[in-house]
Amino acid sequence: MIDSVNSLPMVQNSGIQNVLNTNPVQQRTVNSQISGVNINGANALASYNMPMVAKPASKNIQPLLPTVLLPEAIKAIKGERIYSSTGELDSIISKSENGTIVYKMDIQAPNDAISKIEAFDNEGRLIRRQENLNIIRQGQLPKISMIEILKFSPETGKEISGTLYNNGKPYSAWEKEYEPNGTVKEYAVNFKDNVSSVIETNTNQNISRKIDFDKNGNVRSILTKDAVKNSKETLKFKNGVLQGRSVETKTPIPNTTGKNPASDPELVPAQPYLLGYEPKQIQGNKTYYSNGMLEAITTLTTDGGMVIHRFDINGNLNTIMDQKDINNPKIITFNPDSYIISERLSKDVEKLTVFNKDNSKEVSVVNHKNKSEKMIKYSKDDIPESYVDIDAVTGNKMLMDFDKQGNLISVY
């Protein structure tokens, strides 16, 4: 998701995926069988015991088309205009026989730029969302640097396809299929490199598989991972023909990196925010949108701090700005499948904790001064799963993988 409050956009098929596919610098291989290249015939198959592999075909995925509106076109949108308590345009609600479209204005340029467009069917079910990351400069027309478009099934509410645009050009697109046994298939294409893939995941079985295709649609490789056995099987292909196979099983290894993410105080998840009260009923100064819906409640605490509850135009709680601790103000942003706590550890260091619906967590710390970022993912049982450390100045990257017990099993 691209959001002015949440600086961790949910970008699929991003550069982090490339980090995950690099060769490990340090790992212990218990069982490794590597097949030779250009080996053909029955002897080769018997020698290397290469299995027959079901290979799904790639899809010809076309990017979803974005809605891009210049300021003059925004002024021409027909619908109900809803203004904030300060008189700024907040949203435009446009209704037709096909459903409703809600345009959310960018708070940095409320009359000239749109940050989000959501489309609902006639039963009020979300079917499409477009989020824009705008560049707003004084005296210039707003420019959209990134666009993410998601389509949803009105029956299940699940995401079925999406597209990411970068500087006006399609960067990647994907489609998702959901099978009864819990397997999710994601067909993806990277327009920049003209390659595609199919990613199959099944959290119930702890199995995942990634099939990469070349620009002609031929299988290049199949990577299968078993999270319980900590095993990885890689099959290599040439012109669609199986050429080699390698199997790796990882066991715990000593940590010689000098980094211990699980003991890093900056990466400790924020305390969960339990909303054990009805936010609309708290005491404080209330403001309203022009449609009469509650916009915000500002509450002054006994110690001189301030808490602001903000609501959207439909009355749903959107964010909580908790400024009771002046040295560490917090912003809690509520999304359908998660909520995010944003904190300032110092002037230049920002921390985000993402609490997902399945009880898993992600913590990201960005240091704007030295241009570095580190991120750790925790399972629903609070066990570290992976760690990423990126230094934008030197270009150095580090990735750690952990097993189900939280033991380090690989360093990339």
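Looking at ILE326, is it part of a loop (DSSP other than H, G, I, E, B) and touching a residue at least 60 places away in the same chain (Cβ under 8 Å)? Against the criterion (part of a loop (DSSP other than H, G, I, E, B) and touching a residue at least 60 places away in the same chain (Cβ under 8 Å)), ILE326 does not qualify.
When the range 106-122 is filtered for residues that are among the polar types (S, T, N, Q) and in contact with an Asp or Glu (Cβ under 7 Å, 6 or more places away or on another chain), only SER115 remains.
Inspect all residues belonging to the range 385-407 and state whether any of them is under 24 Å from LYS286 (Cβ atoms) and in contact with a Leu (Cβ under 6 Å, 6 or more places away or on another chain). No - not one qualifying residue is present in the range 385-407. Remark: pairs (first residue in the range 299-311, charged (D, E, K, R); second residue surrounded by fewer than 17 Cβ atoms within 10 Å (Cβ to Cβ); Cβ separation under 7 Å; 6+ apart in sequence or on different chains) = ASP303/LYS324.
Yes/no matrix, rows are residues, columns are (1) touching a residue at least 60 places away in the same chain (Cβ under 8 Å); (2) in a strand (DSSP E or B); (3) touching an Asp or Glu at 6+ places or on another chain (Cβ under 8 Å):
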position	(1), (2), (3)
TYR187	yes, yes, yes
LYS192	no, no, no
VAL198	yes, yes, yes
GLN205	no, no, no
ARG209	no, yes, yes
ASP212	no, yes, no
LYS215	no, no, no
THR224	no, yes, yes
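Among the residues here, VAL102 does not qualify as assigned to a strand (DSSP E or B), within 30 Å of PRO56 (Cα to Cα), in the same structural domain as ILE207 (by TED's automatic domain parsing) and hydrophobic (A, V, I, L, M, F, W, C). For the range 332-341, does any single residue satisfy the condition of being part of a strand (DSSP E or B), more than 16 Å from the chain's Cα centre (by Cα) and surrounded by 14 or more Cβ atoms within 10 Å (Cβ to Cβ)? Yes: one or more hits. Taken as a whole, the condition of being under 30 Å from TYR83 (Cα atoms), of a type in the set (Phe, Trp, Tyr), modelled with pLDDT under 95 and assigned by TED's automatic domain parsing to the domain that holds VAL388 applies to TYR277. Go through the range 132-185 and count every residue that is under 18 Å from GLU118 (Cβ atoms), in a loop (DSSP other than H, G, I, E, B) and among the polar types (S, T, N, Q). Of the residues in the range 132-185, 2 are under 18 Å from GLU118 (Cβ atoms), in a loop (DSSP other than H, G, I, E, B) and among the polar types (S, T, N, Q). Taken together, THR353, THR394 contain a single residue that is over 21 Å from the mean Cα position of the chain (by Cα), farther than 25 Å from PRO254 by Cα and either buried (at least 20 other Cβ atoms within 10 Å of the Cβ) or of a type in the set (Val, Ile, Thr) (or both), which is THR394. Screening ILE149, ILE107 for residues that are among the hydrophobic types (A, V, I, L, M, F, W, C), out of contact with any strand residue (DSSP E or B) (no Cβ under 7 Å at 6 or more places or on another chain) and assigned by TED's automatic domain parsing to the domain that holds PRO180 leaves exactly one candidate, ILE107. Entry remark, the range 98-108: residues being modelled with pLDDT of 95 or more and either of a type in the set (A, V, I, L, M, F, W, C) or exposed (fewer than 14 other Cβ atoms within 10 Å of the Cβ) (or both) number 3 in total.
If only residues of the range 293-327 that are under 21 Å from PRO272 (Cβ atoms) and touching a Lys or Arg at 6+ places or on another chain (Cβ under 6 Å) are counted, the one that is modelled with the lowest pLDDT is THR301.
Considering the range 173-194, the residues that are over 18 Å from the mean Cα position of the chain (by Cα) and buried (at least 17 other Cβ atoms within 10 Å of the Cβ) include one that is farthest from PHE152 (Cα to Cα), namely PHE191. Taking ILE144 and the conditions (1) touching a residue at least 24 places away in the same chain (Cβ under 8 Å); (2) among the β-branched types (Val, Ile, Thr); (3) over 30 Å from SER197 (Cα atoms); (4) buried (at least 17 other Cβ atoms within 10 Å of the Cβ), which numbered condition does it fall short on, given that it satisfies the others? Failed condition: (3). Considering only residues that are assigned to a loop (DSSP other than H, G, I, E, B) and not acidic (Asp, Glu), which ones fall in the range 360-384? Within the range 360-384, SER360, HIS368, LYS369, ASN370, LYS371, SER379, LYS380, ILE383 qualify. When the range 356-390 is filtered for residues that are β-branched (Val, Ile, Thr) and crowded, with 17+ Cβ neighbours inside 10 Å, the ones remaining, listed by number, are VAL363, VAL365, VAL366, ILE376, VAL388, ILE390.
The values are calculated or read from the model by the stated rules, or taken from the named source; none is laboratory data. What you are looking at is a predicted structure, and each value in this text was computed from that prediction instead of being measured. Cβ atoms come from the backbone with ideal geometry, glycine included; neighbour counts cover every protein chain shown.
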